[in-house]
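Engineer: After the structure tokens below, expect a handful of questions from me.
The values are calculated or read from the model by the stated rules, or taken from the named source; none is laboratory data. As the structure is a computational prediction, the values presented were derived from the model and not from experiment. Cβ atoms come from the backbone with ideal geometry, glycine included; neighbour counts cover every protein chain shown.
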């Protein structure tokens, strides 16, 4: 596009943007802010939801204007997702529409930028054109008295200086030409801010792509970590653990042989001690392997939880309804959450039994552990660590534990991390 055509488009965009920017700011102040202030009343939330949809329309208008006059290519956001049926679903869909809230932010920031662009247009183009043509019309200005009463022609400047001669008129014209030359660059610099706002706040592709990239990176990190832990568990099980088993068996055979022979008592005692240490190391290694990745999880979460419930020091009522296996990382987190919660029941609640419920609902895995103990559980210590672990896959942990019980801890996890 030629430079003069681009400058004309930028000028038109700035001029049209002033009333649109001020109208958007007024709309935000009266409709969106008013709906937020009235949110405690019956009409407040529906009004706010409708106002956010109107902000979307303003955003659509600004996107079209930026594409037409500035050449900014953007992608329109999808319509707000339906969040239920009836008026409640309509209101919730509007209130949770991220694209609408971004449009509100744009309307608030657009107003000062439009005023700034108008100031550049007036100073650059308006004053520049007036100064450039000053030699044509300066003699038409009515004469006026200066500070000492002398009638002077031309425009007065601060300090009782008058542009009342041809040299001064020509100098004014030169300054006007300079202003006109610089005006497109100054306006382009101001409109660069507007471009950034349009692409960052009104372009659905920019933010959604970034969110998808971050989610993909997080999912890769979680899955890779889970796979690394499974490899470590397999290496320990097939390598170090197998060697320890063989060592313990050999030491056991050596101990029996020394007990049946007339061997040195000190040597026999050393072999007995080594055999005892080998068995203790084997037990510790098996516990470590189970803490990294329980092998029973390879058979599925339901089988792993059944084994966990059978080993629990308190009686457990287990109900599992899983139609489709979650990802390995989610299964591991779910297993250790249940294990930690059962440990807390046994140590702190005083309850004789606990109930575990596991179900899938709309792509989420919901775990619920209930006991009728003394209650008063808080998100500290192990529970705080569980909450942090759950958040790594965009899950959440909710605790309901009044003093006197019952205690209900609910963990929600995505089926796919």
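Yes/no per residue for (1) assigned to a helix (DSSP H, G or I); (2) within 26 Å of residue 373 (Cα to Cα); (3) not assigned by TED's automatic domain parsing to the domain that holds residue 383:
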| position | (1), (2), (3) |
| --- | --- |
| 304 | yes, yes, no |
| 310 | yes, yes, no |
| 320 | no, yes, no |
| 323 | no, no, no |
| 330 | yes, no, no |
| 334 | yes, yes, no |
| 337 | yes, yes, no |
| 341 | yes, yes, no |
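Engineer: Would you please name the residue that is surrounded by the most Cβ atoms within 10 Å (Cβ to Cβ), looking only at residues in region 331-363 that are more than 25 Å from residue 415 (Cα to Cα) and in contact with a strand residue (DSSP E or B) (Cβ under 8 Å, 6 or more places away or on another chain)?
Structural biologist: 345
Engineer: Answer with yes or no whether residue 12 is surrounded by 16 or more Cβ atoms within 10 Å (Cβ to Cβ) and in a helix (DSSP H, G or I). So that I can check it myself, show each step before the final result.
Structural biologist: Details: surrounded by 16 or more Cβ atoms within 10 Å (Cβ to Cβ): no; in a helix (DSSP H, G or I): yes.
Here the answer is no, as residue 12 does not meet what is asked.
Engineer: Also, quick follow-up: Checking the condition within 23 Å of residue 296 (Cα to Cα) and modelled with pLDDT under 85, which residue from 386, 367 passes?
Structural biologist: On the way: 367 fails: modelled with pLDDT under 85.
Of 386, 367, the one residue that is within 23 Å of residue 296 (Cα to Cα) and modelled with pLDDT under 85 is 386.
Residue by residue, here is whether (1) assigned by TED's automatic domain parsing to the domain that holds residue 34; (2) under 22 Å from residue 79 (Cα atoms); (3) at pLDDT 85 or above; (4) out of contact with any helix residue (DSSP H, G or I) (no Cβ under 7 Å at 6 or more places or on another chain) holds:
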{"site": "92", "(1), (2), (3), (4)": "yes, yes, no, yes"}
{"site": "100", "(1), (2), (3), (4)": "yes, yes, yes, no"}
{"site": "106", "(1), (2), (3), (4)": "yes, yes, yes, no"}
{"site": "117", "(1), (2), (3), (4)": "yes, no, yes, no"}
{"site": "122", "(1), (2), (3), (4)": "yes, no, yes, yes"}
{"site": "126", "(1), (2), (3), (4)": "yes, no, yes, yes"}
{"site": "134", "(1), (2), (3), (4)": "yes, no, yes, no"}
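Engineer: OK, next. It is to be established whether one or more residues within region 178-198 are part of a loop (DSSP other than H, G, I, E, B), modelled with pLDDT under 90 and either exposed (fewer than 15 other Cβ atoms within 10 Å of the Cβ) or in contact with a strand residue (DSSP E or B) (Cβ under 7 Å, 6 or more places away or on another chain) (or both).
Structural biologist: Of region 178-198, the ones part of a loop (DSSP other than H, G, I, E, B) are none.
Scanning region 178-198 turns up no residue that is part of a loop (DSSP other than H, G, I, E, B), modelled with pLDDT under 90 and either exposed (fewer than 15 other Cβ atoms within 10 Å of the Cβ) or in contact with a strand residue (DSSP E or B) (Cβ under 7 Å, 6 or more places away or on another chain) (or both).
Engineer: Regarding residue 163, is this residue closer than 25 Å to residue 67 by Cα, buried (at least 17 other Cβ atoms within 10 Å of the Cβ), at pLDDT 80 or above and in contact with a helix residue (DSSP H, G or I) (Cβ under 9 Å, 6 or more places away or on another chain)? Give the derivation first.
Structural biologist: Numbers: closer than 25 Å to residue 67 by Cα: no; buried (at least 17 other Cβ atoms within 10 Å of the Cβ): yes; at pLDDT 80 or above: yes; in contact with a helix residue (DSSP H, G or I) (Cβ under 9 Å, 6 or more places away or on another chain): yes.
In short, no.
Engineer: How about region 46-142: which helices (runs of 4 or more DSSP H) wholly inside it have at least 3 residues that are more than 18 Å from residue 30 (Cβ to Cβ) and in contact (Cβ under 8 Å) with a residue 60 or more places away in the chain? Talk me through it step by step, then tell me what you get.
Structural biologist: Working: elements: 86-95, 98-120, 127-132, 134-137.
Helices (runs of 4 or more DSSP H) meeting the threshold: 98-120.
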